[in-house]
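Written out below as structure tokens is the structure these notes cover.
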């Protein structure tokens, strides 16, 4: 039984936030500033294995997930990873913990790349001790459970890049990774871009396949060797399990991956696009990324209009791919889609068929402990936020009521783009979004360049270049303080959220340091 | 200055060969038998790096190779790796050591994936102490130099899979890898399948890019980010150097990668194909690999004829890809080419254009310290040899005069196929090829199933199944002793090669153990 304290040794980090330096019994480093923490150790070194211990004919199939977990040595205290390629249509995570519960295994750490409402049934395993704690996003019922202070261990939230970094660096050691794959062969080569449950890219499982002690591929579509493409290398896989149905591909399309239909939100996207145009960001060969969330995603439509009108094309669009990006690719408005995650079935089709629709991974795109990554080469990133403060710090994980609501996704990683724009409403349900101090800092203000609201656009004072470029703009350029004042004039000054002192989760920065703590909600 | 002994502590290994257990100052394990050596350690763990130390705009270009080597910290005693994607057309390795010599750097270990006659100029750097020793193939002038006992350190020969294993396991630590890439972007993403010097696949550089401390990409064709495909990930690259010409693509086609025109050799291939047919190996969905060497390569032509005639197709052909395999793919006689190395410009074109022409690597195909690899799933491998003995042991590295002549390539790795056939002439230049005891054991007899010569075919007695299947064959099935006797009846009993006691090189098995020693030639 794990008996360590959830956290210990609080310090104030470089942003003035109080964070623990011991988390679930392990040391942690407080955030020091962007690029200030320099790692000195070595990457995690998995044990050397031998082909002599694997079947020469390449057949690694086992009849059931239960047998695979037993063969993989499932026992108390292990870390079990899963992935969110099916988003709200995942059918595997719950089965794993059903089996663990049936076997009487306790104190597991669940290490998903993200969680969704479909994972609400796992609350019972958090309650009965099957799961000790979650490192990954705590959304919906899991977020509420955590924010209520009910989780035995401390929650740890990481970005997609941070998750790769944590696994690569050995901050998190995965005992068993279970990878749900829409198509696989008996050797364990696996892909997500085809099969009855095709969901697109399996990139979030890359780190797990490379570094986990045991890797189980679960599929409902087994093909003769070789499974092409091999998004996951069978050379990293221990067992393959075939079952009837691994996921519900229709549920790939969730609320955060559909483009908005709201005229108010579309206005934000249109203003953002106009800003990019006037600031000289849109040019032949430029690049952009739109994050999850209906407003951000819709930016591509406006970019496409501008490119088409000017006879220009983007060099690449980073996705979250959806039908709008696919249209751009097929219309010749971008040379490439560099896909990190597939947001709809048109994205899946394009990935499968179009050699210019390129698979990326958290390693190529986001890992901060690499020799560079793609995120900092993107000309403009359009992202969401739940709150922004007058220092341009932004929050994506807690809601205006202080409850854990979202994962970080690639959001932190994308802040390294050459220009980061957050198109957000000035208030939601009469609660201001631009405020004095965000509840949880997920991204430091110095990386956030522009806030676009329906009542005005604020440029980060650090971006003298952008302020200069926009000085004759017809767009309503204001200061962030002006935006805050307008919000308060309409909604009043928002009440402070009532928290307990107890910390229930921490947010890690892209380099593995702790950027902020999330506290228990006061009843 | 390295002053360690070349080797120390001789023991007899499981094949009765005398091998050192200390090589160039490092411990080594004597061969224990197939699958008998079980590694217990962990993979090599590279230092953790940070994006903070790399340019945010992704531009890693430096003006010259010299500057890149200096920035990479080139100094005495380092290990420098290069790759043989251009085979005899490589223009980079020599430049590296010219620079090292100019800078007065000494005692380097050169770790090429293979060497060719074009590397003869490096003899002067072996003589003057710039290069301490070579771990990789020692061919041509380098082989003669080594066999004459002139190299300061001990040569170490590894298979392609063994090279990956050695790097992955930390047996060899690469300080600086220099990867010649026919196309690259400024971030270091690189591919070999396009550009003026297109040579095909860069797979031999994969391990280096993953595990070397510093990685330099050298290209003569720089493209805007992203370079697609990225056979080498820029995320693993430190510096990019652009120069006028990195290699001579026409020289990809060397003597070992052209199909034979000799009627005698073609007969061997035809007999081998007939053997496979009669033994039931050729069936719908079968797979094969033909190794380098004109006889082995020509087998594909005969397989194609049989498949076409029967209306069947292979599931995959492993290459060394050439125009004959490409024809099979384009004619629909195989679902896939799983390419490990591109043998001619038709192979390069197909790799670039055909989504069923798949890039593999020594990791996927050959690494014995993985969770399986592709080699053992191949139905039949057709390979060459310089000598075979009555125990079916075979030699590929030394010539009948005892001089180091060849690298091992993927030969050892391919022995794990379900059936390994060596089509070889019974004698060459009136020197028997089937003999009592091979000069150097590169592959243990128990993995070699069939010897096909112009005067008869010998099946390994261990393969009772094959002997049974062929008992009514019209092919001249004989014992290996009968073949040896026939060779000796024609050529006489060959004289023993005169060696000194001194060991000049060792041959490693796929698991990193030492399978045999190569001795100094007696003048």
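Points to keep in mind about this one:
- Counting DSSP beta bridges with both ends in the protein assembly as shown, the antiparallel % (nearest 5): 35
- Rounded FRET efficiency, nearest 0.05, which uses the C-beta distance separating residue B:42 from residue A:243 and R0 of 45 Å: 0.85
- For A:418, B:36, order by how many other beta-carbon atoms lie within 10 Å, fewest first: B:36, A:418
- When all alpha carbon pairs of chain A are counted in 20 Å bins from zero, the resulting P(r) reads 23, 57, 19, 1 %.
- Label point of residue A:27 (7 Å along Cα→beta-carbon): distances to the other copies' equivalent points are 2.8 nm, sorted ascending.
- The rotation axis bringing chain B onto chain A passes closest to the chain B residue reported with its distance as B:45, 2, by C-beta distance in whole Å.
- Using distinct alpha-carbon pairs, which all enter the 1/r mean, Kirkwood radius of the stretch B:48-162 in Å: 15.1
- Helix A:299-310 axis versus longest C-alpha principal axis of chain A: approximately 60°, rounded to the nearest ten.
- In nanometres and ascending order, the distances from the residue B:493 label point to those of the other copies are 10.7 (point 7 Å from Cα along Cα→Cβ).
- Legend: P(r) of the protein assembly as shown from all alpha carbon pair distances, 10 Å bins from 0, whole percents, reading 2, 11, 19, 22, 19, 13, 8, 4, 1, 0, 0.
- Exam field: residue B:354 pseudo-label spacings to other copies (7 Å along Cα-Cβ), nanometres: 2.6
- Nearest 10 degrees, 0 to 90: helix A:263-278 Cα axis against chain A principal axis: 70
- A:471, B:214, B:508, A:5 arranged by Cβ crowding within 10 Å, fewest neighbours leading: A:471, A:5, B:214, B:508
- Centre separation in Å (Cα based) which lies between the stretch B:453-485 and the stretch B:199-241: 47
- Degrees, to the nearest 10: A:480-491 long Cα axis against longest axis of chain A: 90
- What the Cα convex hull of the stretch B:255-497 gives, in volume per residue, is 120 Å³.
- Centroid-to-centroid, using Cα positions, the stretch A:275-298 and the stretch A:486-519 are 28 Å apart.
- Residues B:230, B:411, sorted so that the one with the fewest Cβ neighbours within 10 Å comes first: B:230, B:411
- Counting only DSSP beta bridges with both residues in the stretch A:255-498, the antiparallel share comes to about 30 percent.
- Within the stretch A:346-482, antiparallel bridges make up roughly 55 percent of the DSSP beta bridges whose residues both belong there.
- Per-pair calculated FRET efficiency, R0 = 41 Å: residue B:522 and residue A:22 via Cβ, rounded to 0.05: 0.05
No lab work stands behind these numbers, since they all come straight from the coordinates. Fair warning: this is a prediction, and the values are worked out from it, not measured in the lab. A quick note on method: Cβ atoms are made from the backbone with ideal geometry, for glycine too, and the neighbour counts reach across all protein chains shown.
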